[in-house]
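Derivation of every value follows stated rules applied to the coordinates shown; laboratory data play no part. Values in this document were obtained by computation on a predicted structure and should not be read as measured data. Neighbour counts are summed over all protein chains in view; Cβ atoms, including those assigned to glycine, are modelled from backbone coordinates with ideal geometry.
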Amino acid sequence: MTSIKDLSENKWKPQDAIPQNIKDLLTTESKSSKSSNHLLAFLNIISSLKFQKRTGWMDHGIPKFDTESIADHMYRMSILSMIVPPSTVNKDKCVKIAIIHDIAECLVGDITPFAGISKSEKHRREKETIEYLQQIIKPYNSEFATEMYELWTDYEEIRTIEARYVKDIDKFEMIQTAYDYELRFGITYDLNQFYTAREAIKTKEVGELCDDVLEKRNKLVEKLKHNETS
Ligand code: ZN
């Protein structure tokens with residue numbers, strides 16, 4: 001798989017980020033059916049979500065071993081999506097959006113604002129990747145291919161109320177993770193910046209939840225600072 005460093009070239013293409021053996025799978029027929037190789041290639045490509053670390057934490061000093069993966073983040077968001085949105089919101093759709101929203105990172109990597117890649121270039125790479133993933137899985141299940149693309153676009157463009165909730169849950173889950181790290185490591189690492197994501201949360205339910213965490217976090221910081229000076 002490609003690292004973010006390798007992606008600094010403007011002409012980055014998702015096809016270049018996958019190994020030759022996966023490309024071979026897509027051009028050969030399997031015993032059962034041609035399309036099952038497409039599913040196997042798709043599974044292989046998205047497996048990197050389980051192993052790729054969320055870069056922002058490591059950039060702030062969290063040891064690699066303790067850093068969550070992209071899939072870890074999407075898993076807890078999916079659980080939150082089942083619990084937090086009100087009954088007027090289609091929670092099944094929220095869960096699906098949560099599972100799909102960062103899927104393009106399997107090839108693009110987790111690009112932070114500090115990686116030296118512009119927002120529009122990041123978006124281009126992610127859009128090309130989701131289209132590429134759609135092409136790969138389509139021969140096996142074209143309904144899923146379309147659904148995946150639509151869910152991803154829903155989230156990117158915040159075009160439904162479900163996407164709005166998942167956007168907010170994305171930020172809350174990150175804030176909760178920062179707090180988890182501070183509960184575990186104390187204030188060893190400067191994670192203040194992550195908490196500013198609260199400002200972008202728009203829904204009442206997620207906002208209130210986040211404020212609860214911020215209050216607890218502030219108390220923790222006060223206590224730890226007090227312990228340091230006494
Ligand atoms: Zn996310």
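Per-structure values
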| item | result |
| --- | --- |
| Loop-resident sites, region 136-171, for trypsin sites (Lys or Arg not before Pro), counting at most 14 other Cβ within 10 Å (DSSP) | R159 |
| Amide N of region 122-158 lying under 11 Å from the label point, which is placed 7 angstrom from the Cα of N90 along Cα→Cβ | 151 |
| Inter-label distance, nm, simple model (7 Å from Cα along the C-beta direction), I158/S142 | 3.5 |
| Neighbour cut-off at most 14 other Cβ (10 Å), DSSP loop, chymotrypsin sites (Phe, Trp or Tyr not before Pro), region 54-126 | F114 |
| Label point at A200 placed 7 Å out along Cα→Cβ; residues across region 32-61 whose backbone nitrogen lies under 18 Å | 54-60 |
| C-alpha center-to-center spacing [region 48-86, region 94-139] in angstrom | 15 |
| Efficiency of FRET between A115 and I83 - r from beta-carbon atoms, R0 22 angstrom, step 0.05 | 0.10 |
| Label point distance in nm, L43-S230, each placed 7 Å from Cα along Cα→Cβ | 5.6 |
| Of the GluC sites (Glu not before Pro) in region 177-230, those whose Cβ has at most 12 other Cβ within 10 Å and which sit in DSSP loop | none |
| Interatomic Cα distance distribution for the chain, bins of 5 angstrom, percent | 1, 6, 13, 16, 18, 16, 12, 8, 5, 3, 1, 1, 0, 0, 0 |
